[in-house]
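Trainee: Right, I'll just put the structure down here and ask away after.
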């Protein structure tokens, strides 16, 4: 019970910076003397720090404010992509102290992950590992049990266990995460916006199509979110997963470009920006290519709405940033295909999450795990 109360206080302050002891005690449901003992313990552990006093007009002594002491410890946050590996040394809030990017030539998945492990191990040698609480590794794909990559279309990988391999080089806890989840965490937990609804869906269009649900402020751990591998065309194109007609293969940027080349007859390579310009000018070939793929994406979005009934849908435009007409047309299709009653109060926003924001989301999510009562060990007793 003592550990649970300490974690409850710490996590409340993490989510509500610059808060007074009386406010914490009231919201956590602890007596002020008990709360004071807990905060003293957390301050000694370098997890909380006093940060000025209340700015209020009332008469009398003003309460001292507390905040999460994120500068005291460190994390290693890694993002593995097919053409680049980003390794960041951060504090617990995801503020980047050092960031190294390793550009990759065309490589198979084995080479990519071996390169990642080798560079992470080398990166660790630069720092005092006693201060590093965890390593977070982000990939695009299906991740099970925080440790095994089951499938990644973008990395062309199946059943990769990078966590066990990395543990041969360090005793630091290692977490493997789906990057879609980390983008969603940044959007809904770190980003200072007004999106505070009970049921929110994050749609990720970067390196495939993924989804993440936040319910009452927390990640829905029981939603895997691999909507990109739901079937939308029974005899469609073959996907890397082995299935035919997966959503992400039927509306991929590559398919847009392929369709355009096939029907227009152009022999040179075309870019998404090129197709976007042609679409805006009214060219029929661009119109066909965009509408073909947007139809499938709209079907996928409508399916999510009909299943989850979100109040908020945030779309990370990702690979479609240069071809916004696909997203706009997909939203039109979604509005036609989703049940109308579920669309009445739906808020839709678009974002384009960058590497720094992924790292911030990774740090926040890693702290959620480190400071959870179910996590074995840890620095809180």
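The values are calculated or read from the model by the stated rules, or taken from the named source; none is laboratory data. Predicted model, so just to flag it, every value in this text is computed and none were measured. Here the Cβ is made from the backbone with ideal geometry for all residues, glycine too, and neighbour counts use every protein chain on show.
Trainee: Does segment 26-45 hold any residues that are in a helix (DSSP H, G or I) and either surrounded by 20 or more Cβ atoms within 10 Å (Cβ to Cβ) or touching a residue at least 60 places away in the same chain (Cβ under 8 Å) (or both), and which are they?
Mentor: 35, 38, 39, 42
Trainee: Quick check, is residue 48 touching a residue at least 40 places away in the same chain (Cβ under 8 Å) and either assigned by TED's automatic domain parsing to the domain that holds residue 17 or surrounded by fewer than 15 Cβ atoms within 10 Å (Cβ to Cβ) (or both)?
Mentor: So residue 48 fails the test.
Trainee: Taking the options 233, 248, 273, 292, name whichever one is out of contact with any helix residue (DSSP H, G or I) (no Cβ under 7 Å at 6 or more places or on another chain) and either surrounded by fewer than 18 Cβ atoms within 10 Å (Cβ to Cβ) or not assigned by TED's automatic domain parsing to the domain that holds residue 156 (or both).
Mentor: Values: 233 fails: out of contact with any helix residue (DSSP H, G or I) (no Cβ under 7 Å at 6 or more places or on another chain); 248 fails: out of contact with any helix residue (DSSP H, G or I) (no Cβ under 7 Å at 6 or more places or on another chain); 292 fails: out of contact with any helix residue (DSSP H, G or I) (no Cβ under 7 Å at 6 or more places or on another chain).
After ruling out the rest, the residue left standing is 273.
Trainee: Let me ask you something else. Of (1) free of Cβ contacts under 8 Å to residues at least 24 places away in the same chain; (2) closer than 21 Å to residue 371 by Cβ, residue 88 satisfies all except one. Which?
Mentor: That leaves (1) as the condition not met.
Trainee: Among the candidates 178, 128, single out the residue that is within 28 Å of residue 321 (Cβ to Cβ) and outside the structural domain of residue 346 (by TED's automatic domain parsing).
Mentor: Going through 178, 128 in turn, just one is within 28 Å of residue 321 (Cβ to Cβ) and outside the structural domain of residue 346 (by TED's automatic domain parsing): 178.
Trainee: Sticking with this one: Are there any strands (runs of 3 or more DSSP E) wholly within segment 129-237 with 1 or more residues that are closer than 20 Å to residue 348 by Cβ, and if so which?
Mentor: 199-204, 210-215
Trainee: Same structure, new question: Residues of segment 331-376 being in contact (Cβ under 8 Å) with a residue 40 or more places away in the chain and more than 23 Å from residue 186 (Cβ to Cβ), which ones?
Mentor: 373, the sole residue that qualifies.
Trainee: Check residue 318 against each of (1) in contact with a strand residue (DSSP E or B) (Cβ under 9 Å, 6 or more places away or on another chain); (2) more than 13 Å from residue 252 (Cα to Cα) and name the one condition it does not meet.
Mentor: If we test residue 318 against (1) in contact with a strand residue (DSSP E or B) (Cβ under 9 Å, 6 or more places away or on another chain); (2) more than 13 Å from residue 252 (Cα to Cα), just (2) comes out false.
Trainee: Can you report the number of residues in segment 39-62 which are within 18 Å of residue 25 (Cβ to Cβ) and either in contact with a helix residue (DSSP H, G or I) (Cβ under 9 Å, 6 or more places away or on another chain) or at pLDDT below 95 (or both)?
Mentor: The number of residues fulfilling the criteria is 14.
Trainee: So which residues in segment 307-331 are surrounded by fewer than 24 Cβ atoms within 10 Å (Cβ to Cβ) and over 17 Å from residue 228 (Cβ atoms), if there are any at all?
Mentor: Within segment 307-331, 309, 311, 312, 321, 322, 324, 325, 328, 329, 331 meet the criteria.
Trainee: Right, next: Quick one: is residue 98 in the same structural domain as residue 135 (by TED's automatic domain parsing), closer than 18 Å to residue 355 by Cα, assigned to a strand (DSSP E or B) and touching a residue at least 40 places away in the same chain (Cβ under 8 Å)?
Mentor: Details: in the same structural domain as residue 135 (by TED's automatic domain parsing): yes; closer than 18 Å to residue 355 by Cα: yes; assigned to a strand (DSSP E or B): yes; touching a residue at least 40 places away in the same chain (Cβ under 8 Å): no.
No, not satisfied.
Trainee: Then there's this: Scan segment 333-350 and give yes if some residue there is touching a strand residue (DSSP E or B) at 6+ places or on another chain (Cβ under 7 Å) and surrounded by 21 or more Cβ atoms within 10 Å (Cβ to Cβ), otherwise no.
Mentor: Among the residues of segment 333-350, not one is touching a strand residue (DSSP E or B) at 6+ places or on another chain (Cβ under 7 Å) and surrounded by 21 or more Cβ atoms within 10 Å (Cβ to Cβ), which makes the answer no.
Trainee: Among the numbered conditions (1) in contact with a strand residue (DSSP E or B) (Cβ under 7 Å, 6 or more places away or on another chain); (2) crowded, with 18+ Cβ neighbours inside 10 Å, tell me where residue 259 comes up short.
Mentor: Here residue 259 clears every test but (1).
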